[in-house]
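Below: one structure, written as structure tokens.
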Amino acid sequence: MPFEKAPQPRPDKWEITFEDEETISIWKYNKKKNPNGPIEVEYKYKRGYTHPKESKKTMKDLIEK
């Protein structure tokens, strides 16, 4: 007689964390508030990150690439 596990209920609240070279994003879910998607997404930028729009470029920098 094989052992059968009872199905585990899904929690109402959970977080999923994604990390890459430049950012850490935290997706927060709550089934009671919104059953279809995340209720909050938080982005944290790692040290030394500069946004492409904030980096100042000269014409010489653009020609070299």
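The values are calculated or read from the model by the stated rules, or taken from the named source; none is laboratory data. As the structure is a computational prediction, the values presented were derived from the model and not from experiment. Cβ: placed from backbone, ideal geometry, glycine included. Neighbour counts: every protein chain shown.
Points to keep in mind about this one:
- Output for the stretch 6-33, where each listed residue is among the small types (Gly, Ala, Ser) and under 29 Å from Tyr49 (Cβ atoms): Ser25
- The set of residues from the stretch 1-43 being free of Cβ contacts under 8 Å to residues at least 12 places away in the same chain, among the hydrophobic types (A, V, I, L, M, F, W, C) and touching a strand residue (DSSP E or B) at 6+ places or on another chain (Cβ under 6 Å) comprises Phe18, Ile39.
- The set of residues in the stretch 5-32 being surrounded by 12 or more Cβ atoms within 10 Å (Cβ to Cβ) and of a type in the set (S, T, N, Q) consists of Thr23, Ser25, Asn30.
- The stretch 23-42 - residue that is under 13 Å from the mean Cα position of the chain (by Cα) and among the polar types (S, T, N, Q) and, of those, farthest from Lys13 (Cα to Cα): Thr23
- Those residues of the stretch 16-65 which are of a type in the set (A, V, I, L, M, F, W, C), at pLDDT 90 or above and outside any loop (DSSP other than H, G, I, E, B), in sequence order: Ile16, Phe18, Ile24, Ile26, Trp27, Val41
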